[in-house]
1. How about segment 119-150: which of its residues are under 12 Å from V84 (Cβ atoms), within 23 Å of the chain's Cα centre (by Cα) and among the hydrophobic types (A, V, I, L, M, F, W, C)?
2. Just to verify a result, which residue in segment 177-211, among those that are crowded, with 22+ Cβ neighbours inside 10 Å, in contact (Cβ under 8 Å) with a residue 60 or more places away in the chain and part of a helix (DSSP H, G or I), is farthest from ligand 2 (Cβ to nearest atom)?
3. For segment 36-71, enumerate the residues that are in contact with a strand residue (DSSP E or B) (Cβ under 6 Å, 6 or more places away or on another chain) and outside any loop (DSSP other than H, G, I, E, B).
4. For segment 212-244, enumerate the residues that are assigned to a helix (DSSP H, G or I), of a type outside the set (D, E) and either more than 21 Å from the chain's Cα centre (by Cα) or within 15 Å of ligand 2 (Cβ to nearest atom) (or both).
5. Here are P51, P111, P79, P55: which of them is more than 13 Å from ligand 1 (Cβ to nearest atom) and within 23 Å of W141 (Cβ to Cβ)?
6. Let me spell it out: the conditions are (1) surrounded by 15 or more Cβ atoms within 10 Å (Cβ to Cβ); (2) among the charged types (D, E, K, R); (3) within 16 Å of W233 (Cβ to Cβ), and R52 meets all of them except one. Which number is the exception?
7. Of all residues in segment 100-125, which are open to solvent by 10 Å² or more (accessible area, probe 1.4 Å) and within 22 Å of K73 (Cβ to Cβ)?
8. Scan segment 151-167 residue by residue and report those that are of a type outside the set (G, A, S), open to solvent by 10 Å² or more (accessible area, probe 1.4 Å) and over 16 Å from the mean Cα position of the chain (by Cα).
Amino acid sequence: MKENIKSLWIKRPIIISGPCSAETEDQLIQTAERLAATGKIDMLRAGIWKPRTKPGMFEGIGTNGLKWLLQAKKNTGLPITVEVATAKHVEEALKYEVDVLWIGARTTVNPFSVQEVADALRGVDIPVMVKNPLNADLELWVGAMERLQKVGIENVGMIHRGFSSYGNTEFRNAPMWHLPIEMKRRYPDMPLICDPSHICGNRTLLQQVSQKSIDLDFSGLMIESHIDPDNAWSDAKQQITPEALKEMLDALAWRSELISEQQFITALAHLREQINQVDDELLTLIGQRMKLADKIGNYKKENNITILQTNRWNEILNSAFAKGELLGLSKEFIMRYFDAVHLESINHQNKIMNE
Ligand code: PEP
Ligand code: MN
């Protein structure tokens, strides 16, 4: 590995930026030069081949874009990185002196593709960053990294870009912070870069997501930047100008706690994320419980039975006390919890019986 890349690999924070896609020579060179002018960027990115959801969308400019990117590297002195998904992409990228490769989220999910890329890299000394797979499956992420390590890639990095989730959330891809935190626990010495652009899918949340990753002791950021974001050929909503990026980076609080303190914060965050997850599951379950209460309400209504059936309630409480004792939950807590649940349940049934 070249000396400049070796030192970059361990630099903290490492900031990668560039357009989602290379579009024209002018767009790419201008973006690169304006990014370099901020003095805040360590590496240029650009999508050359774009894995798009539907055919007919802009699928990347291809090899010409690599020529422009190499020119941008020469003009700015910044190393360059692109996404590769096939052996052919690897071959082309290496031909045009790309310094670091990355595997995209849509590729990480597919072991055939990851293996093809890995095989093309056998004997090549180049760092490769692996984006998390689209779905929340850590083993698939780990598997992709292992395929690269097995062919001799010594410098593997991770990029957290969030996970697909069905339905509307405020994010394009849910961050599920507990997952990258777990990866950091497993690979404490590997760079872990946050890609807030693909997590957010918009400009408004970029700053807060970037800050969160810094607070969680990530190694750096990959953020998409474009000279004319609104007219970008892909991911227009989430890109920002190089100058807006500089402003955002300046506004972030870069913490520099002692290592032990950082480890403490990371461990705390890990536990908190797990608690959030459990709380979320608990609420979902309580919601399901109330749906059952609604069904019972309907049944009672049809059969003219009273809502409160004291025997049934005593039964529930007594078995909960016994279980609570095994789980280390006080009788008092069980009482309060069941009172609240019972009341909510009765309200649900009341509503149904009086509809
Ligand atoms: C990208 O970085 O432009 C990209 C396609 O990202 P992802 O693989 O995370 O969707
Ligand atoms: Mn993109």
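The values are calculated or read from the model by the stated rules, or taken from the named source; none is laboratory data. Note that the coordinates shown come from a computational prediction; the quantities given were computed from them, not determined experimentally. FYI the Cβ positions are ideal-geometry reconstructions off the backbone, even for glycines, and counts take in every protein chain you see. For accessibility, only protein heavy atoms count, side chains too; no ligands or nucleic acids. Shrake-Rupley method; radii C 1.70, N 1.55, O 1.52, S 1.80 Å.
1. Those that are under 12 Å from V84 (Cβ atoms), within 23 Å of the chain's Cα centre (by Cα) and among the hydrophobic types (A, V, I, L, M, F, W, C): V128, M129, V130, L148.
2. I181
3. Across segment 36-71, the qualifying residues are M43, L44, R45, G47, L69.
4. Taking segment 212-244 first, the residues assigned to a helix (DSSP H, G or I) are 212-215, 229-231, 236-238, 242-244.
From what is left, the residues that are of a type outside the set (D, E) are 212-214, 229, 231, 236-238, 242, 244.
Across segment 212-244, the qualifying residues are P229, N231, A236, K237, Q238, P242, A244.
5. Values: P51 fails: more than 13 Å from ligand 1 (Cβ to nearest atom); P79 fails: within 23 Å of W141 (Cβ to Cβ); P55 fails: within 23 Å of W141 (Cβ to Cβ).
None of the others qualify; the one that does is P111.
6. (1)
7. The answer is A120, V124, D125.
8. Answer for segment 151-167, where residues must be of a type outside the set (G, A, S), open to solvent by 10 Å² or more (accessible area, probe 1.4 Å) and over 16 Å from the mean Cα position of the chain (by Cα): V151, E154, N155.
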